[in-house]
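*Asks:* I have a structure here, written as structure tokens, and I will follow up with some questions on it.
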Amino acid sequence: ELLKVSSHWRILELYILQPRPAAVPRTFQPVRCYTAPVAAEPFLNGTSSNYVEEMYYAWLENPKSVHKSWDVFFRNANAGAPPGMAHQRPLSLATLPQAQSLVGAQPDVEKLVEDHLIRGHHVAQLDPLGIMDADLDSHIPNDIITSSDKLAGFYGLDESDLDKVFRLPTTTFIGGTETALPLREIIRRLEMSYCQHIGVEFMFINDLDQCQWIREKFEKPGCGCVLTSGALPRRFEEFLQRKWSSEKRFGLEGCESLIPALKTIIDKSSEKGVENVVIGMPHRGRLNVLANVIRKELEQIFCQFDSKLEAGSGDVKYHLGMYHRRINRVTDRNITLSLMANPSHLEAVDPVVQGKTKAEQFYCGDTEGHKVMSILMHGDAAFAGQGVVYETFHLSDLPSYSTHGTVHVVVNNQIGFTTDPRMARSSPYPTDVARVVNAPIFHVNADDPEAVVYVCNVAAEWRATFHKDVVVDLVCYRRLGHNEMDEPMFTQPLMYKQIKKQKGVMQKYGEKLIAEGAVTRQEYEEEIAKYDKICEEAHVRSKDEKILHIKHWLDSPWPGFFNLDGQPKSMTCPSTGLTEEELTHIGQVASSVPVEDFTIHGGLSRILKARGEMIKNRMVDWALGEYMAFGSLLKEGIHVRLSGQDVERGTFSHRHHVLHDQNVDKRVCIPMNHVAPNQAPYTVCNSSLSEYGVLGFELGFAMASPNALVLWEAQFGDFHNTAQCIIDQFICPGQAKWVRQNGIVLLLPHGMEGMGPEHSSARPERFLQMCNDDPDVFPNITDDFAIRQLHDCNWIVILAPFRKPLIVFTPKSLLRHPEARSNFDEMLPGTEFQRLIPEKGPAANNPSGVKRVIFCTGKVYYELTKERSARGMEDTVAITRMEQLSPFPFDLVKAESEKYPDADLVWCQEEHKNQGYYDYVKPRIRTTIHRAKPVWYAGRPPAAAPATGNKKAHLVELKNFLDNAFNLDAVKDQV
């Protein structure tokens, strides 16, 4: 019944979830504050009218503190409206003598406006080809007027009403300064706003101010703009096609308006104060963006097409990135543009861009995103189909991950390689995933460059005003196939018949300008000839081999960190030891609560007390060792960021880097930020339940500066498998492909402890398989061998003059193992990381009597030493630990092997034979000893799953491989 009486209820959902305005007295109930007045009228003379009186006094203080319909009610009442008439009722207003003094509009017109707001985009003319429906649905919504039948059926009007003047709703901007218009003109203006070349989706946003802001941008008469130049993007593509017709380049033909779109976003953002823009995109259109947006030297692009010069890059040209600081010609301000390198995994770069953007904001103190922003470009099929898009959106409003608004631009080719969009997505639009964060979505016909530029201006202003994500959907087409040599007629014959008839956007827009008299044909042709000449001259310069240098393709340079030739400034590794006083001080911080009147959990009090006792005894376990490492870096001014699922406490309740007050909600203490007066900040943040997105984010964060320690911890090591794309495409080969160093650290809890196949193995075999050292070549051992080896490998990191990713297989049960501890003496000045820990017991004192040397790594060492002691074999079996698996410590393994000349060599691991480390270490040990003897295996047999889920079976397996480790004859018999 209410729906029949008041149209206010149709927009009630916009208000009912909003926070209570500050001006409203606390005695109000929030839902009542936003209830339309028609619902309150039955109560005005009853006992429930008290809140209406309170609301009236709040309205006197601030009219905006109440729902707009209450504002109307109170204004009409104050103007003398009789009882029962202060709230405007539908239909009857037009007949009331006092109608002209009342605020509001007839419900038919109000519904007409509302229907265009909500569904106008469904009938907008978005497809440049005129054959596709951007929303995959040819049905026209019944409440969008296309005939007089609908006018009568849905609005109670007919053609005779078209020339009648109707009062406009107070919430619309289509009237400009006018408050009433003929119905015919109202419909025309609504169609111009919402049903032409721009389709706007925003009515799902639950913030009235944001909705009204968008309405004003698209409804106000006269809104729009003129494009100043449209020639360059098309001519660039034609030049490449002419010079390298058989080369893949993934050109932008069919969506050339992307270039003015990006320029507009950057120009407007620069005008709003942005100084740094980080950009991510797939391969389509990348070379054009590099040339005409980032302003990369054309000769640097052209020389990449020369096969003789491609040795300068480890990847194809349309995957490379760039960093450029230049003057923005529109605002005359400096702006830094970074286009991030990205592999063919189209959306993988999204979280990487966001991470780098967050880091740039962090290091320049930009807490609101006023100076640094990101732009992400997407393909339509990938935007709808790739889960990392959602994971990235999901980070957009989280405190430790928000970049305060990203402008997303979708190059909507209306096809994915050869797949029709009707087979590629279940949602109406490819952009529907953006609705999850209430991002407004502006669909625009990419063949209308003026419309494109206008929505991009609005998008940039939205981001600058609200610091939230926004999406521009450029509905376009792909003139050629997936690449320049592909034949699209095989699978989309009708579409490509139409495309062959289609004039290019540059030609269409040029003809429009000439017809309008804005330019002459001679001026138009001169502009084209001028750009062609620039390209030809750059092509000549590109033949000079001296111009090629990979530094031109770096997307994240680290000024001052390397020499001018990109090499480290030195090849020495300083000691990482700390003084006794520093160790004690950091340990005391780790075992305290450095905030007054802060109540911690009783169990945590015991943990902190135990830490204090360890410090008194000059001992450190894993958690305290982590504290020592982080605290010492923070004290030296090195920022530390630890991110992942539940990292603040730690999955195994060992870390407790964030303490929670047991009596005050959200009151926390981070002791690590109290290490020293002028220390660097420590960022420790629980992430969303994501691996792909969050690891990509942290990788991007680590790109911004070499002077930071950025770590991502998996909840369990095997969970990294859902982030495998980031590991395979960015972390492992990043330097080889893009000359991009990175110091990201992966902490992966690992250990076979009877917890089943999904909580045991961090899959070390996968990482070791991707290591780039040769198992069959024994390296030249020099004085700087250890650090030179690190420099040449593809991943690890220490305090060195370069940066490499580090993979750490962290412990679980060893977090509390009484023997898994270190003495202060092992951490004092002059000490350093031990790549290999040799046998130090009785066996080491009598090497000639040792019959067996067991090499191992990780937790199994403690099980081996326990078993050796139980068997009384301390004198005859030496156990050596490899702390650094890759790069392989050839020199130290050689020395340890030669120390025990009569001993058999055994590799022991708790992982299955086809997993873990065996396949990696065996050939390298054999190379070290020149294959003089076999390397025997002791461990679990091959298996498909990482571990058994049965505790008894786990213990049986453990007993069996320990038997094999100390009974080599049994192993030899099996072989």
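None of the figures in this text is laboratory data; all of them are computed from the coordinates on show. As the structure is a computational prediction, the values presented were derived from the model and not from experiment. Positions of Cβ are generated from backbone atoms using ideal geometry, with glycine treated the same way; all protein chains shown enter the neighbour counts.
*Asks:* Would you please give the FRET efficiency between E613 and R333, computed as 1/(1 + (r/R0)^6) with r the Cβ-Cβ distance and R0 = 45 Å, to the nearest 0.05?
*Replies:* 0.20
*Asks:* As an exercise, use a Förster radius of 51 Å and the Cβ-Cβ distance of K569 and R606 to find the FRET efficiency, rounded to the nearest 0.05.
*Replies:* Values: r = 47 Å, r/R0 = 0.93.
Taking R0 as 51 Å, the efficiency between K569 and R606 is 0.60.
*Asks:* Among V200, M322, V471, flag the residue with its Cα farthest along the positive direction of the charge dipole of the chain, charges on Cβ as +1 for Lys/Arg and -1 for Asp/Glu.
*Replies:* M322
*Asks:* Once you keep just the Cα pairs under 8 angstrom separated by 6 or more residues, what percentage relative contact order results for the chain?
*Replies:* Numbers: 1712 pairs, mean separation 89.1, N = 975.
Reported relative contact order: 9 percent.
*Asks:* Then there is this: Out of the trypsin sites (Lys or Arg not before Pro) in region 667-742, which ones are loop residues according to DSSP with at most 15 other C-beta atoms within 10 Å?
*Replies:* Values: sites: R667, K737, R740; in loops: R667, R740.
Answer in residue order: R667.
*Asks:* Follow-up. Using the structure shown, select from K666/K804; K569/K635; K508/K543 the pairs with a Cα to Cα distance greater than 29 angstrom. Can you show the working numbers first?
*Replies:* Working: K666/K804 37 Å; K569/K635 24 Å; K508/K543 35 Å.
Listed pairs above 29 Å: K666/K804; K508/K543.
*Asks:* Just to be sure I understand the model, the point goes 7 Å from the Cα along the line to the Cβ. What's the resulting Q212 to N483 distance in nm?
*Replies:* Each label point lies 7 Å from its Cα, and together they span 5.4 nm.
*Asks:* Something else about it: How about K952: which lysines have a C-alpha closer than 26 Å to its C-alpha, ignoring those fewer than 8 places off in the same chain?
*Replies:* Those lysines meeting the cut-off are K812, K859, K866, K913.
*Asks:* Then there's this: How much net charge surrounds R188 when only the other residues with a Cβ under 14 Å from the Cβ of R188 are counted, with Lys and Arg +1 and Asp and Glu -1? Before the final figure, lay out each step's value.
*Replies:* Values: positive: R184, R189; negative: D163, E178, E185, E191, E219.
The answer is -3.
*Asks:* Are there any trypsin sites (Lys or Arg not before Pro) in region 887-970 that are in a DSSP loop and have at most 12 other Cβ atoms within 10 Å? List them by number. Working shown, then result.
*Replies:* On the way: sites: K894, K899, K913, R924, R926, R931, K951, K952, K959; in loops: K913, R931.
Answer by residue number: R931.
*Asks:* Hey, if you put +1 on the Cβ of every Lys and Arg and -1 on every Asp and Glu Cβ in the chain, which of Q915, S869, M628 ends up farthest toward the positive end of that dipole?
*Replies:* S869
*Asks:* Another one. Given the options L346, I415, S160, identify the residue whose Cα lies farthest towards the positive end of the charge dipole of the chain (+1 on Cβ of Lys, Arg; -1 on Cβ of Asp, Glu).
*Replies:* It is L346, whose Cα lies furthest towards the positive end.
*Asks:* Can you check what the net charge comes to around G644, using other residues whose Cβ is under 9 Å from the Cβ of G644 (Lys, Arg +1; Asp, Glu -1)? Present the calculation step by step, with values, prior to reporting the outcome.
*Replies:* On the way: positive: none; negative: D646, E691, E698, E713.
Neighbour charge sum, excluding G644 itself: -4.
*Asks:* Of the labelled options [x] -0.41, -0.75; [y] -0.49, -0.84; [z] -0.55, -0.81, which one gives log10 I(q)/I(0) by the Debye sum over Cα atoms at q = 0.05, 0.07 Å⁻¹ as computed for this structure?
*Replies:* [x]
*Asks:* Just to be sure I understand the model, the point goes 7 Å from the Cα along the line to the Cβ. What's the resulting S813 to C685 distance in nm?
*Replies:* 3.6
*Asks:* If amide H atoms are built 1.01 Å from N in the plane of the peptide, which residues on other chains or at least 5 residues away come under 5 Å of the amide H of S687?
*Replies:* Long-range HN contacts for S687: G644, Q645, D646, V647.
*Asks:* Continuing with this model, one more query. Within region 715-759, which residues have the backbone N less than 19 Å from the label spot 7 Å out from A820 along Cα→beta-carbon, could you tell me?
*Replies:* Answer for region 715-759: 715-720, 746-759.
*Asks:* For the cross-link pairs K851/K899; K371/K468; K217/K268; K268/K296; K503/K533, which exceed 19 Å when the distance is taken from alpha carbon to alpha carbon? Provide the component values of the computation, followed by the final result.
*Replies:* On the way: K851/K899 12 Å; K371/K468 15 Å; K217/K268 15 Å; K268/K296 21 Å; K503/K533 24 Å.
Pairs exceeding 19 Å: K268/K296; K503/K533.
*Asks:* On to the next question. Which GluC sites (Glu not before Pro) does region 306-407 hold that lie in a coil by DSSP with at most 15 other beta carbons within 10 Å?
*Replies:* E368
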